[in-house]
Amino acid sequence: MINYENLFAQKIQEIKKANLFRTIPEITAGAEKYITIEGKKCLNLASNNYLGLSLNEKLKTESIKAINKYGCSSSASRIVTGNYSLYTILEEEIAKFKGYEKGLILGSGYVANLSIISAICDNKWIVFSDRLNHASIIDGIKLSGAKHVRYKHNDMDHLRYSLKKYDKDVKKLIVTDTVFSMDGDTANLIEIVKLAKDYQAIVMVDEAHATGIFGKGRGLVHELGMEKEIDINMGTFSKGLGSFGAYVCASKTIIEYLINKSRGFIFSTSLPPSVIGANLAAIELLKNNYSLGLKLINISEIVRKSLASLGFNTLNSSTQIIPVIIGDRKKLFMAKDFLIKKGVFAAAIRPPSVPINTERLRISLRADLTDDELNLIIQAFKELSQCL
């Protein structure tokens, strides 16, 4: 007989031996600016709450209003019975905000990428995907059955070479993050769109880490004025917008197709009204406070320059996400623990989340950092540099 407990226990031991074992950290209120970890109060540089909106009074008020009016659950898939006018309003607002004809709300960023790609593509498609795209994009391609061609990170020559290998009449999708979640750099959307036109492909982007920060809060696509050039624009409410859930914006035809073919939309209970209320409030807030994103980028530049002056490798980061390459797993956790003692918490990232030998501390900055807190970060890393 197979002893399944022993089987999984053995697999856990293999994970531990490779120094890849994960546990859920014992922290309090992970989206807040300060958290308590290992009994120490620390400045939180691991959260994706980039604009500090998760505790915003307007978001909380509108969330509570939605609960009072609609209750705690939408009760079912919207296809069946779970639709309220609130959802339609949010889809109209996100479409206008992003500059598209129509929008659709989905449960999470992961569900959105799985659902969109697997609905759009099948085994007659070829999907060209940046090597550092989010896992949800990779899994969506696998689920679709399409041929998966990974091009070197931000390497437009390699993308061109890859596209050239296939007949122009073959159905093709180019998909990329706009801000890469582990390296903190941005996609070359201008060249991607040019290549898509040359080789008759459509383009999908994931704006999860750009929404709220770039383009007056609307994302990198908007900052570059490329709303009419990008066919499918997906993103989340769970990072810069301080709430939860995901959206996809596209033409009316594509959105109607997704409503009919996206399994993650059709077969999931829709987001609770409280989340929809907060999402609407976040969009409204950003329309009038888009300077928060500009402030965050300025803060990021200060920290990045300081880290470079201390000899740290931050790759090609140009956003609020700053990798600090350590390259050794034991040193990585020593560095994380050292920073905690100094009152700073940064996430320790290992393979398979990042390539082997690029183990890193991942700093996620936020717009509500004060000058004193910036000094705390820089001083902590200065002392860390003397220990490594």
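The values are calculated or read from the model by the stated rules, or taken from the named source; none is laboratory data. None of the values given here were measured: they were computed from a predicted structure. Neighbour counts are summed over all protein chains in view; Cβ atoms, including those assigned to glycine, are modelled from backbone coordinates with ideal geometry. Surface areas here come from the heavy atoms of the whole protein model, side chains and all, with no ligands, DNA or RNA. Shrake-Rupley method; radii C 1.70, N 1.55, O 1.52, S 1.80 Å.
Say we look at the stretch 19-42 and pick out the residues that are within 19 Å of LYS239 (Cα to Cα) and not hydroxyl-bearing (Ser, Thr, Tyr); which of these is surrounded by the fewest Cβ atoms within 10 Å (Cβ to Cβ)? It would help to see each step written out before you state the result.
Here is the first cut: in the stretch 19-42, the residues within 19 Å of LYS239 (Cα to Cα) are 27-35.
The next check asks that each one be not hydroxyl-bearing (Ser, Thr, Tyr); those that pass are 27, 29-33, 35.
Working: ILE27: 16, ALA29: 13, GLY30: 15, ALA31: 16, GLU32: 15, LYS33: 18, ILE35: 19.
The selected residue is ALA29.
Results for (1) at pLDDT below 95; (2) touching a Pro at 6+ places or on another chain (Cβ under 6 Å); (3) within 21 Å of TYR290 (Cα to Cα); (4) open to solvent by 50 Å² or more (accessible area, probe 1.4 Å), shown as yes or no for each residue.
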| position | (1), (2), (3), (4) |
| --- | --- |
| HIS148 | no, no, no, yes |
| LYS164 | no, no, no, yes |
| LYS172 | no, no, no, no |
| LYS216 | no, no, yes, yes |
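Filter the stretch 45-74 down to residues that are under 30 Å from ILE297 (Cβ atoms), open to solvent by 30 Å² or more (accessible area, probe 1.4 Å) and assigned to a helix (DSSP H, G or I), then give me how many there are.
Total meeting the criteria: 7.
Any chance you could count how many residues in the stretch 355-388 are within 23 Å of the chain's Cα centre (by Cα) and of a type in the set (Asp, Glu)?
2
Based on what the data block shows, is VAL221 surrounded by 17 or more Cβ atoms within 10 Å (Cβ to Cβ), under 18 Å from the mean Cα position of the chain (by Cα), modelled with pLDDT of 95 or more and farther than 28 Å from LEU45 by Cα?
Here the answer is no, as VAL221 does not meet what is asked.
Could you tell me how many of the residues in the stretch 317-352 are within 21 Å of GLU26 (Cα to Cα), touching a residue at least 24 places away in the same chain (Cβ under 8 Å) and within 22 Å of the chain's Cα centre (by Cα)?
5
Return yes or no: is GLY293 over 14 Å from LEU51 (Cβ atoms), under 24 Å from the mean Cα position of the chain (by Cα) and at pLDDT 95 or above?
The answer is no for GLY293.
Could you tell me which residue of the stretch 75-118 is surrounded by the most Cβ atoms within 10 Å (Cβ to Cβ), considering only residues that are in contact with a Phe, Trp or Tyr (Cβ under 7 Å, 6 or more places away or on another chain) and among the small types (Gly, Ala, Ser)?
Residue satisfying both the conditions and the ranking: SER115.
What helices (runs of 4 or more DSSP H), lying completely within the stretch 109-206, carry at least 1 residues that are touching a helix residue (DSSP H, G or I) at 6+ places or on another chain (Cβ under 8 Å) and within 30 Å of THR269 (Cβ to Cβ)? So that I can check it myself, show each step before the final result.
Working: elements: 109-120, 135-144, 156-164, 189-198.
Answer list for the stretch 109-206: 109-120, 135-144.
Would you tally the residues in the stretch 352-371 being in contact with a Ser or Thr (Cβ under 8 Å, 6 or more places away or on another chain) and either in a loop (DSSP other than H, G, I, E, B) or modelled with pLDDT under 95 (or both)?
Final tally of qualifying residues: 2.
Residue by residue through the stretch 92-108, note down the ones that are out of contact with any strand residue (DSSP E or B) (no Cβ under 6 Å at 6 or more places or on another chain) and in a helix (DSSP H, G or I). Spell out the reasoning first.
In the first step, residues of the stretch 92-108 are kept if they are out of contact with any strand residue (DSSP E or B) (no Cβ under 6 Å at 6 or more places or on another chain); the result is 92-93, 96-97, 99, 101-102, 107.
Those that are out of contact with any strand residue (DSSP E or B) (no Cβ under 6 Å at 6 or more places or on another chain) and in a helix (DSSP H, G or I): GLU92, GLU93, LYS96, PHE97.
Determine whether the stretch 290-305 contains at least one residue that is surrounded by fewer than 22 Cβ atoms within 10 Å (Cβ to Cβ), small (Gly, Ala, Ser) and either touching a strand residue (DSSP E or B) at 6+ places or on another chain (Cβ under 6 Å) or on the phi > 0 side of the Ramachandran plot (or both).
No, the conditions are met nowhere in the stretch 290-305.
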